[in-house]
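Take a look at the structure below.
The values are calculated or read from the model by the stated rules, or taken from the named source; none is laboratory data. Model, not experiment: these values are computed from the prediction. Cβ placement follows ideal geometry from the backbone for every residue including glycine, while neighbour counts extend to all protein chains displayed.
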Amino acid sequence: MNVNMLLVTIGMVLATFMTRAALLLAGQRFKLSPRVEAALRFAPACALAVLIVPEVLVQAGTVNLSFDNPRLAAALAATAFFLWKRSMVGCIVVGMLVVTAFRFV
Amino acid sequence: MQVVAFYRNPAWQLELRQGVRAALPAAPGVVAWGLVTGVAMVKSGLAVPWAIAISLLVYAGSAQLATLPLIVAGQPFWIVALAAFVTNLRFVIYSASLRRWFETYSQRRRAVLGYFTGDFTFAMFMERVRREGEFAHCDAWFLGACGFNWVVWQVTSIVGILAATAIPSEWGLQFAGTLALLALAIPLCLEWPGLAGAAVAAPIAVLARGLPFGLGLFAGIVAGICAAVAVDAVVGRRKATVQREGDELS
């Protein structure tokens, strides 16, 4: 039995569980001010933006804003398709097709 | 009269199924992200049984990937745990947002809902309550969406762990996950406050990408929320003015 790996696993379980559940468990004891509560409705847009944009723009450590960046071209095509058809699956398919096309061209 | 368990309630079960259905379109993204995480864990040198254990118990893709180099380098467990905590800080904001919707449920159920929270399901749930406000059995809907995501992610992550050598990382599969998130983000950015929040959050995350353990992401989210609130106040004031002028004319 690898004791260090056991401790690592338990530590990671506790650490990630705390971030996700501590405030839920606090429940009524953790009341935010109405202003902060209202502000949090913008959390999804901001969280998604920070997860998406670096993945799209950063190529091998540097920002690439030109159209020879496959992921940028793919994200723009996928966005256009989504705005047209409102389909998440379509958005994924179009984006992956564009990225794949870049690999073969 | 016999007390019927909450999960036997047909209305609860219906919401559970609705949650699964809502999460369905994101499945290709979750599949890709699960595979990539599984492959990365084994390729970095983690033993297969531990990779499976961490996948099943920790269930936090980004934290798992961020801590891999530390684990492999044999860092003490508390350093790894601290890194996982910091990488997952955005979930503190998520749970602060979810708290008010789940506050009436039992401690045990809230713990379960917390464990299952993911980026996709958080965004989907917030979109539903934004549209409809509070709805009955929202725990069932959340659990349906999260439970489905959990199963898909675990299966593909374990496939990735077991078939790591057969799946080249150059395929760039994880981009499918990014595209699924993109589809969730676009509708939110069609309103001024959401767009402003994203427009402030994203460049901060890009510029601060050198910070350890995704701290740049956390900073970006906080700054983005502030920007969205500011724009929301301006838009709200303008709307109020337009309405007042309209009232005066009529």
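Count, please, the residues in region A:64-105 that happen to be surrounded by fewer than 17 Cβ atoms within 10 Å (Cβ to Cβ), under 20 Å from B:A201 (Cβ atoms) and under 18 Å from the mean Cα position of the chain (by Cα).
Summing the residues that are surrounded by fewer than 17 Cβ atoms within 10 Å (Cβ to Cβ), under 20 Å from B:A201 (Cβ atoms) and under 18 Å from the mean Cα position of the chain (by Cα) in region A:64-105 gives 1.
Please specify each residue of region B:175-194 satisfying the condition of being facing another protein chain (nearest Cβ under 8 Å) and out of contact with any Gly (no Cβ under 6 Å at 6 or more places or on another chain).
Within region B:175-194, B:F175, B:T178, B:L181, B:L182, B:A183, B:L184, B:A185, B:I186, B:C189, B:P193, B:G194 meet the criteria.
Only one of these conditions is not met by A:F82: (1) closer than 21 Å to B:A123 by Cβ; (2) more than 7 Å from every other protein chain (Cβ to nearest Cβ). Which number is it?
(2) is the only condition that A:F82 fails.
Looking only at region B:66-81, count how many residues are more than 7 Å from chain A (Cβ to nearest Cβ), in a helix (DSSP H, G or I) and either crowded, with 17+ Cβ neighbours inside 10 Å or of a type in the set (S, T, N, Q) (or both).
Result for region B:66-81: 3.
Based on this model, can you work out whether A:A26 counts as modelled with pLDDT under 95, farther than 22 Å from B:A228 by Cβ and surrounded by 14 or more Cβ atoms within 10 Å (Cβ to Cβ)?
Yes; evaluated as a whole, the condition is true for this residue.
So, B:S62, is that one within 22 Å of A:I92 (Cα to Cα) and not β-branched (V, I, T) or not?
Spelling it out, B:S62 is indeed within 22 Å of A:I92 (Cα to Cα) and not β-branched (V, I, T).
Mind checking whether some residue in region B:227-242 is touching a residue at least 40 places away in the same chain (Cβ under 8 Å) and facing chain A (nearest Cβ under 8 Å)?
yes
Since B:S106 meets every condition but one in (1) surrounded by fewer than 17 Cβ atoms within 10 Å (Cβ to Cβ); (2) at the interface with another protein chain (Cβ under 7 Å from one of its Cβ atoms); (3) within 17 Å of A:L24 (Cβ to Cβ), which condition does it not meet?
Checking B:S106 against (1) surrounded by fewer than 17 Cβ atoms within 10 Å (Cβ to Cβ); (2) at the interface with another protein chain (Cβ under 7 Å from one of its Cβ atoms); (3) within 17 Å of A:L24 (Cβ to Cβ), the one that fails is (2).
Can you tell me which of B:D119, B:D139 is more than 7 Å from chain A (Cβ to nearest Cβ), in contact with a Leu (Cβ under 8 Å, 6 or more places away or on another chain) and of a type in the set (D, E, K, R)?
Only one candidate qualifies: B:D139.
Under 16 Å from B:W33 (Cα atoms) and either surrounded by fewer than 20 Cβ atoms within 10 Å (Cβ to Cβ) or out of contact with any Ser or Thr (no Cβ under 6 Å at 6 or more places or on another chain) (or both) - does that describe any residue in region B:122-139?
Looking through region B:122-139, none of the residues is under 16 Å from B:W33 (Cα atoms) and either surrounded by fewer than 20 Cβ atoms within 10 Å (Cβ to Cβ) or out of contact with any Ser or Thr (no Cβ under 6 Å at 6 or more places or on another chain) (or both).
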